[in-house]
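One structure is given here, and the rest of the page talks about it.
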Amino acid sequence: MSPQPAAPALPSWLTWWQRPFPDANTLLLPGQRPALVDTGFVGHADETAAWARAHAGTVDLVANTHWHSDHVGANALLQARGAAIAAGAPEAEAITRRDPGCCAAEYLDQPVAPYTVDLALDDGQILRLGDADWEVVRTPGHTPGHLALWQPEERLLVVGDALSDYDVGWVNLALDGLDAATTALASLKRIADLGPRVILPSHGPIPADPEAAFAVALRRAQRLVDDPDGAVWYGARRIFAFALMIRGGIPANEVEPYLTARTWLTDAARLLNMAPEALAAELVTTMLHSGSIVLRHGRLHAAAAHTSVERETLRVPYPRAWPAAEPR
Ligand SMILES: [Zn+2]
(Lines give C-alpha, C1' and ligand atoms only; values in the text may rest on other atoms or scores of the structure.)
Protein backbone atom coordinates (compact mmCIF):
# COMPACT_ATOMS: atom_id res chain seq x y z
CA MET A 1 0.00 0.00 0.00
CA SER A 2 1.20 3.49 -0.77
CA PRO A 3 1.37 5.81 2.25
CA GLN A 4 -1.73 7.94 2.81
CA PRO A 5 -1.09 11.57 1.84
CA ALA A 6 -1.18 13.83 4.87
CA ALA A 7 -4.17 16.12 5.43
CA PRO A 8 -3.38 19.77 4.66
CA ALA A 9 -2.20 21.80 7.64
CA LEU A 10 -4.78 23.78 9.61
CA PRO A 11 -4.08 27.27 10.92
CA SER A 12 -3.39 27.38 14.66
CA TRP A 13 -6.44 29.57 15.28
CA LEU A 14 -9.03 26.87 14.78
CA THR A 15 -9.72 23.58 16.53
CA TRP A 16 -11.20 20.71 14.58
CA TRP A 17 -13.05 17.86 16.27
CA GLN A 18 -13.66 14.87 14.05
CA ARG A 19 -16.53 12.95 15.62
CA PRO A 20 -18.13 9.61 14.83
CA PHE A 21 -21.88 9.38 14.15
CA PRO A 22 -24.37 10.42 15.40
CA ASP A 23 -22.46 13.71 15.82
CA ALA A 24 -21.35 15.94 12.99
CA ASN A 25 -17.75 17.15 13.20
CA THR A 26 -17.44 20.34 15.23
CA LEU A 27 -15.23 23.31 14.45
CA LEU A 28 -14.19 25.75 17.16
CA LEU A 29 -12.89 29.24 16.49
CA PRO A 30 -11.56 30.79 19.69
CA GLY A 31 -10.65 34.47 19.85
CA GLN A 32 -12.48 37.80 20.12
CA ARG A 33 -15.77 36.19 19.22
CA PRO A 34 -15.51 32.50 20.20
CA ALA A 35 -17.63 30.54 17.77
CA LEU A 36 -18.66 26.98 17.04
CA VAL A 37 -19.67 25.68 13.65
CA ASP A 38 -22.27 22.95 14.25
CA THR A 39 -22.94 21.41 17.64
CA GLY A 40 -23.41 17.63 17.29
CA PHE A 41 -26.38 15.50 18.29
CA VAL A 42 -28.74 16.34 21.18
CA GLY A 43 -27.73 13.17 23.06
CA HIS A 44 -24.18 14.54 23.37
CA ALA A 45 -24.98 18.20 24.06
CA ASP A 46 -23.22 18.19 27.47
CA GLU A 47 -20.09 16.73 25.91
CA THR A 48 -20.11 19.33 23.12
CA ALA A 49 -20.56 22.24 25.53
CA ALA A 50 -17.83 20.90 27.86
CA TRP A 51 -15.41 20.53 24.94
CA ALA A 52 -16.07 24.07 23.75
CA ARG A 53 -15.64 25.43 27.26
CA ALA A 54 -12.34 23.58 27.73
CA HIS A 55 -10.93 24.99 24.47
CA ALA A 56 -12.42 28.49 24.31
CA GLY A 57 -14.20 29.40 27.54
CA THR A 58 -17.57 30.81 26.59
CA VAL A 59 -19.11 30.45 23.13
CA ASP A 60 -20.52 33.72 21.73
CA LEU A 61 -21.84 32.40 18.45
CA VAL A 62 -22.96 29.11 16.94
CA ALA A 63 -23.18 28.93 13.14
CA ASN A 64 -25.06 25.97 11.66
CA THR A 65 -24.35 24.61 8.18
CA HIS A 66 -27.93 23.27 8.21
CA TRP A 67 -30.59 22.14 10.63
CA HIS A 68 -30.27 18.36 10.68
CA SER A 69 -30.24 16.82 14.16
CA ASP A 70 -26.55 15.86 14.12
CA HIS A 71 -25.55 19.51 13.53
CA VAL A 72 -27.80 21.47 15.93
CA GLY A 73 -28.05 19.19 18.98
CA ALA A 74 -26.29 21.45 21.49
CA ASN A 75 -27.78 24.69 20.13
CA ALA A 76 -30.37 24.85 22.94
CA LEU A 77 -27.82 24.24 25.70
CA LEU A 78 -25.28 26.73 24.33
CA GLN A 79 -28.01 29.29 23.75
CA ALA A 80 -29.14 28.92 27.37
CA ARG A 81 -25.52 29.76 28.30
CA GLY A 82 -25.51 32.92 26.21
CA ALA A 83 -24.52 31.92 22.68
CA ALA A 84 -26.30 33.47 19.70
CA ILE A 85 -27.37 31.08 16.94
CA ALA A 86 -26.84 31.84 13.23
CA ALA A 87 -28.42 29.78 10.46
CA GLY A 88 -29.22 29.96 6.74
CA ALA A 89 -32.06 32.39 6.00
CA PRO A 90 -34.84 29.95 4.95
CA GLU A 91 -34.18 27.66 7.91
CA ALA A 92 -33.84 30.59 10.32
CA GLU A 93 -37.27 31.89 9.32
CA ALA A 94 -38.90 28.47 9.63
CA ILE A 95 -37.44 28.02 13.11
CA THR A 96 -38.59 31.47 14.19
CA ARG A 97 -42.17 30.76 13.14
CA ARG A 98 -42.04 27.23 14.65
CA ASP A 99 -42.85 25.57 11.35
CA PRO A 100 -43.69 21.92 12.18
CA GLY A 101 -41.24 20.86 9.47
CA CYS A 102 -38.27 22.41 11.33
CA CYS A 103 -35.06 20.40 11.19
CA ALA A 104 -37.04 17.66 9.42
CA ALA A 105 -37.03 16.39 13.01
CA GLU A 106 -40.45 14.78 12.93
CA TYR A 107 -40.17 13.71 9.30
CA LEU A 108 -36.88 11.89 9.96
CA ASP A 109 -37.75 10.98 13.58
CA GLN A 110 -34.55 12.65 14.77
CA PRO A 111 -34.91 14.61 18.03
CA VAL A 112 -33.73 18.22 18.32
CA ALA A 113 -33.99 20.33 21.50
CA PRO A 114 -35.88 23.61 20.88
CA TYR A 115 -33.74 26.61 19.97
CA THR A 116 -34.23 29.97 18.31
CA VAL A 117 -32.19 31.66 15.60
CA ASP A 118 -30.77 35.10 16.34
CA LEU A 119 -29.05 35.75 13.04
CA ALA A 120 -30.29 34.72 9.58
CA LEU A 121 -27.42 34.21 7.14
CA ASP A 122 -27.64 35.01 3.45
CA ASP A 123 -25.39 34.36 0.50
CA GLY A 124 -22.30 36.55 0.44
CA GLN A 125 -22.67 37.73 4.02
CA ILE A 126 -19.42 38.12 5.98
CA LEU A 127 -19.45 36.48 9.37
CA ARG A 128 -16.82 37.03 12.06
CA LEU A 129 -15.98 33.69 13.69
CA GLY A 130 -13.22 33.80 16.30
CA ASP A 131 -10.73 36.31 14.87
CA ALA A 132 -11.35 35.66 11.17
CA ASP A 133 -13.93 36.70 8.60
CA TRP A 134 -15.82 33.95 6.76
CA GLU A 135 -18.09 34.31 3.78
CA VAL A 136 -21.47 32.60 3.72
CA VAL A 137 -21.97 30.54 0.55
CA ARG A 138 -25.51 29.26 0.06
CA THR A 139 -25.29 25.61 -1.01
CA PRO A 140 -28.86 24.25 -1.18
CA GLY A 141 -29.37 20.62 -2.07
CA HIS A 142 -28.88 18.35 0.96
CA THR A 143 -31.31 20.76 2.64
CA PRO A 144 -32.81 23.93 1.11
CA GLY A 145 -31.03 26.17 3.66
CA HIS A 146 -27.66 24.41 3.59
CA LEU A 147 -24.63 26.70 3.58
CA ALA A 148 -20.87 26.50 3.32
CA LEU A 149 -18.40 28.88 4.97
CA TRP A 150 -15.39 30.20 3.07
CA GLN A 151 -12.28 31.72 4.63
CA PRO A 152 -10.45 33.30 1.66
CA GLU A 153 -7.06 34.13 3.27
CA GLU A 154 -6.42 30.55 4.38
CA ARG A 155 -8.63 29.10 1.63
CA LEU A 156 -10.59 27.01 4.15
CA LEU A 157 -14.00 25.71 3.16
CA VAL A 158 -16.51 24.36 5.67
CA VAL A 159 -18.77 22.19 3.51
CA GLY A 160 -21.31 20.74 5.97
CA ASP A 161 -22.92 17.68 4.42
CA ALA A 162 -22.38 18.82 0.81
CA LEU A 163 -19.51 16.36 0.52
CA SER A 164 -17.06 14.36 2.60
CA ASP A 165 -13.87 12.47 1.85
CA TYR A 166 -15.79 9.43 0.62
CA ASP A 167 -19.33 10.56 0.05
CA VAL A 168 -21.80 13.19 -1.02
CA GLY A 169 -24.80 14.41 0.97
CA TRP A 170 -28.07 12.53 0.40
CA VAL A 171 -30.95 14.49 -1.07
CA ASN A 172 -34.60 14.36 -0.14
CA LEU A 173 -36.54 14.23 -3.40
CA ALA A 174 -39.88 13.72 -1.62
CA LEU A 175 -39.54 16.67 0.75
CA ASP A 176 -37.48 19.09 -1.34
CA GLY A 177 -38.66 18.25 -4.86
CA LEU A 178 -37.35 16.16 -7.72
CA ASP A 179 -34.83 18.86 -8.66
CA ALA A 180 -33.08 18.69 -5.26
CA ALA A 181 -30.32 16.52 -6.77
CA THR A 182 -29.73 19.04 -9.57
CA THR A 183 -29.64 21.83 -6.99
CA ALA A 184 -27.09 19.89 -4.92
CA LEU A 185 -24.90 19.32 -7.98
CA ALA A 186 -24.95 23.05 -8.85
CA SER A 187 -23.99 23.92 -5.25
CA LEU A 188 -21.14 21.43 -5.35
CA LYS A 189 -19.81 22.92 -8.61
CA ARG A 190 -19.98 26.38 -7.10
CA ILE A 191 -17.89 25.51 -4.05
CA ALA A 192 -15.47 23.38 -6.11
CA ASP A 193 -14.76 26.52 -8.15
CA LEU A 194 -13.54 28.30 -5.01
CA GLY A 195 -10.50 25.98 -5.14
CA PRO A 196 -10.09 25.45 -1.39
CA ARG A 197 -6.76 24.44 0.15
CA VAL A 198 -8.63 22.65 2.97
CA ILE A 199 -12.09 21.06 2.92
CA LEU A 200 -13.64 20.77 6.39
CA PRO A 201 -16.48 18.22 6.06
CA SER A 202 -19.13 17.42 8.66
CA HIS A 203 -18.44 13.69 8.58
CA GLY A 204 -15.21 11.76 8.30
CA PRO A 205 -11.65 13.04 7.94
CA ILE A 206 -10.31 16.14 6.23
CA PRO A 207 -9.68 15.09 2.62
CA ALA A 208 -5.96 14.93 1.86
CA ASP A 209 -6.54 16.10 -1.71
CA PRO A 210 -9.38 18.63 -2.04
CA GLU A 211 -9.42 18.48 -5.83
CA ALA A 212 -9.72 14.70 -5.86
CA ALA A 213 -12.46 14.82 -3.20
CA PHE A 214 -14.45 17.24 -5.35
CA ALA A 215 -13.92 15.09 -8.47
CA VAL A 216 -15.39 12.05 -6.67
CA ALA A 217 -18.22 14.07 -5.11
CA LEU A 218 -19.20 15.64 -8.44
CA ARG A 219 -19.41 12.20 -10.06
CA ARG A 220 -21.56 10.90 -7.21
CA ALA A 221 -23.80 13.98 -7.26
CA GLN A 222 -24.24 13.55 -11.02
CA ARG A 223 -25.32 9.93 -10.43
CA LEU A 224 -28.01 11.16 -8.02
CA VAL A 225 -29.28 13.45 -10.79
CA ASP A 226 -29.22 10.69 -13.42
CA ASP A 227 -30.80 8.03 -11.20
CA PRO A 228 -33.63 9.45 -9.04
CA ASP A 229 -34.62 5.98 -7.77
CA GLY A 230 -31.04 5.43 -6.70
CA ALA A 231 -31.12 8.80 -4.91
CA VAL A 232 -34.26 7.78 -3.01
CA TRP A 233 -32.69 4.46 -1.98
CA TYR A 234 -29.49 6.23 -0.93
CA GLY A 235 -31.41 8.65 1.30
CA ALA A 236 -33.49 5.82 2.80
CA ARG A 237 -30.36 3.85 3.71
CA ARG A 238 -28.75 6.87 5.39
CA ILE A 239 -31.88 7.79 7.35
CA PHE A 240 -32.46 4.22 8.52
CA ALA A 241 -28.82 3.72 9.59
CA PHE A 242 -29.00 6.94 11.62
CA ALA A 243 -32.26 5.79 13.28
CA LEU A 244 -30.52 2.58 14.37
CA MET A 245 -27.51 4.51 15.71
CA ILE A 246 -29.41 6.90 17.96
CA ARG A 247 -31.59 4.09 19.37
CA GLY A 248 -28.80 1.61 20.07
CA GLY A 249 -30.39 -0.63 17.44
CA ILE A 250 -34.03 -1.65 17.01
CA PRO A 251 -35.41 -5.13 17.89
CA ALA A 252 -35.66 -7.05 14.61
CA ASN A 253 -39.37 -7.75 15.07
CA GLU A 254 -40.12 -4.04 15.60
CA VAL A 255 -38.25 -2.78 12.57
CA GLU A 256 -41.00 -3.12 9.99
CA PRO A 257 -43.69 -1.38 12.09
CA TYR A 258 -41.14 1.31 12.98
CA LEU A 259 -40.26 1.90 9.34
CA THR A 260 -43.78 1.84 7.89
CA ALA A 261 -44.88 4.45 10.48
CA ARG A 262 -42.27 6.94 9.22
CA THR A 263 -43.22 9.61 6.71
CA TRP A 264 -39.79 9.47 5.05
CA LEU A 265 -40.35 5.76 4.36
CA THR A 266 -43.87 6.07 2.99
CA ASP A 267 -42.78 9.05 0.85
CA ALA A 268 -39.84 7.04 -0.50
CA ALA A 269 -42.15 4.09 -1.23
CA ARG A 270 -44.46 6.37 -3.19
CA LEU A 271 -41.58 7.72 -5.30
CA LEU A 272 -40.37 4.17 -5.94
CA ASN A 273 -43.86 2.89 -6.74
CA MET A 274 -43.63 0.31 -3.98
CA ALA A 275 -45.81 -0.63 -1.02
CA PRO A 276 -44.26 0.74 2.22
CA GLU A 277 -44.07 -2.79 3.66
CA ALA A 278 -42.20 -3.97 0.59
CA LEU A 279 -39.73 -1.08 0.77
CA ALA A 280 -39.18 -1.66 4.51
CA ALA A 281 -38.48 -5.36 3.92
CA GLU A 282 -36.17 -4.71 0.95
CA LEU A 283 -34.31 -1.97 2.79
CA VAL A 284 -33.51 -4.36 5.65
CA THR A 285 -32.60 -7.26 3.33
CA THR A 286 -30.31 -5.23 1.07
CA MET A 287 -28.59 -3.44 3.97
CA LEU A 288 -27.99 -6.74 5.80
CA HIS A 289 -26.60 -8.15 2.58
CA SER A 290 -24.25 -5.21 2.01
CA GLY A 291 -23.11 -5.29 5.65
CA SER A 292 -24.21 -1.72 6.40
CA ILE A 293 -26.53 -3.09 9.12
CA VAL A 294 -26.00 -6.18 11.27
CA LEU A 295 -28.24 -8.43 13.38
CA ARG A 296 -26.91 -8.93 16.92
CA HIS A 297 -28.87 -10.57 19.77
CA GLY A 298 -32.17 -10.01 18.02
CA ARG A 299 -31.54 -6.31 17.28
CA LEU A 300 -30.59 -4.61 14.05
CA HIS A 301 -27.64 -2.23 14.42
CA ALA A 302 -25.85 0.15 12.08
CA ALA A 303 -22.44 -1.24 11.17
CA ALA A 304 -20.68 2.13 10.74
CA ALA A 305 -18.68 3.41 13.72
CA HIS A 306 -20.88 5.38 16.10
CA THR A 307 -21.07 6.31 19.77
CA SER A 308 -23.99 5.44 22.04
CA VAL A 309 -26.75 7.80 23.09
CA GLU A 310 -28.59 7.79 26.43
CA ARG A 311 -32.18 6.89 25.70
CA GLU A 312 -33.72 9.68 27.83
CA THR A 313 -31.84 12.36 25.90
CA LEU A 314 -34.04 11.50 22.90
CA ARG A 315 -37.13 12.66 24.79
CA VAL A 316 -37.47 16.16 23.41
CA PRO A 317 -40.60 17.47 21.71
CA TYR A 318 -41.02 17.61 17.96
CA PRO A 319 -40.92 21.21 16.62
CA ARG A 320 -44.75 21.32 16.40
CA ALA A 321 -44.71 21.29 20.24
CA TRP A 322 -41.78 23.68 20.70
CA PRO A 323 -42.52 26.76 22.81
CA ALA A 324 -42.87 29.96 20.79
CA ALA A 325 -39.60 31.65 19.91
CA GLU A 326 -39.08 34.53 22.35
CA PRO A 327 -37.72 37.77 20.94
CA ARG A 328 -34.13 38.16 22.18
ZN1 LIG B 1 -27.46 16.67 7.10
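The values are calculated or read from the model by the stated rules, or taken from the named source; none is laboratory data. If you're wondering where the values come from, they're calculated on a predicted model, not measured in any experiment. Because the Cβ atoms are built from the backbone with ideal geometry, glycine has one as well, and the counts that use them run over all protein chains shown. All accessible areas refer to the heavy atoms of the entire protein, side chains included, with ligands and DNA or RNA removed. Shrake-Rupley method; radii C 1.70, N 1.55, O 1.52, S 1.80 Å.
Before moving on, here are some points about what is shown:
- Within the assembled protein chains, the solvent-accessible surface assigned to ARG128 is about 100 Å², based on a 1.4 Å probe.
- Probe 1.4 Å, all protein chains present, accessible-area order of VAL294, VAL284, largest first: VAL294, VAL284
- Sites count as exposed loop sites when they are GluC sites (Glu not before Pro), lie in a DSSP loop, and have at most 13 other Cβ atoms within 10 angstrom; the longest stretch of the chain without one is 154-309.
- Applying 1/(1 + (r/R0)^6) with R0 = 56 Å to the Cβ-Cβ distance of LEU10 and GLU277 gives a FRET efficiency near 0.70.
- Within the accessible area of the range 15-226 (1.4 Å probe), percent carbon and sulfur: 51
- Based on Cα contacts under 8 Å between residues 6+ apart, the range 1-156 shows a relative contact order of 19 percent.
- When DSSP beta bridges are restricted to pairs lying wholly in the chain, around 65% turn out antiparallel.
- Whole-number percent relative contact order across the range 192-328, with pairs defined as alpha carbons under 8 Å at least 6 apart: 21
- Helix 210-226 axis, angle to the chain major axis (alpha carbon atoms, nearest 10°): 40
- Mean sequence separation of contacting Cα pairs (under 8 Å, at least six apart), scaled by the length of the range 105-194, corresponds to a relative contact order of 20 percent.
- Principal axis extents of the C-alpha atoms in the range 206-246 (largest first, rounded to whole Å): 33, 27, 6.
- Rolling a 1.4 Å probe across all protein chains gives TRP150 an accessible area of roughly 20 Å².
- In a reduced charge model with +1 at each Lys and Arg Cβ and -1 at each Asp and Glu Cβ, the range 84-195 shows a dipole moment near 140 debye about its Cα centre.
- Solvent exposure, largest accessible area first (probe 1.4 Å, DNA, RNA and ligands not counted), of ASP123, ASP267: ASP123, ASP267
- Lys, Arg +1 and Asp, Glu -1 on Cβ, resulting dipole of the chain about Cα centre, debye, nearest 20: 420
- Principal-axis tilt of helix 45-56 within the chain, Cα atoms, nearest 10 degrees: 20
- With a 1.4 Å probe rolled over the protein heavy atoms of all chains, the accessible area of PHE240, PHE21 falls in the order PHE21, PHE240, largest first.
- Per-pair calculated FRET efficiency, R0 = 51 Å: THR285 and HIS55 via Cβ, rounded to 0.05: 0.70
- Rounded tilt (10° steps) of 228-246 against the dominant C-alpha axis of the chain: 80
- LEU173 accessible area, assembled protein chains, probe 1.4 Å, Å²: 10
- Projecting the Cα atoms of ALA304, GLN125, PRO90 onto the dipole axis of the chain, where Lys and Arg carry +1 and Asp and Glu carry -1 at the beta carbon, places ALA304 farthest toward the positive end.
- Probe 1.4 Å, accessible area per residue of the chain, Å²: 42
- Segment LEU194-VAL294, extension gain: residue separation times 0.36 nm, minus the distance between their alpha carbons: 32.0 nm
- Computed from label points 7 Å out along Cα-Cβ, the spacing between ASP209 and ARG238 is 2.4 nm.
- Multiplying the residue separation of LEU314 and TYR166 by 0.36 nm and subtracting their alpha-carbon distance yields 50.4 nm.
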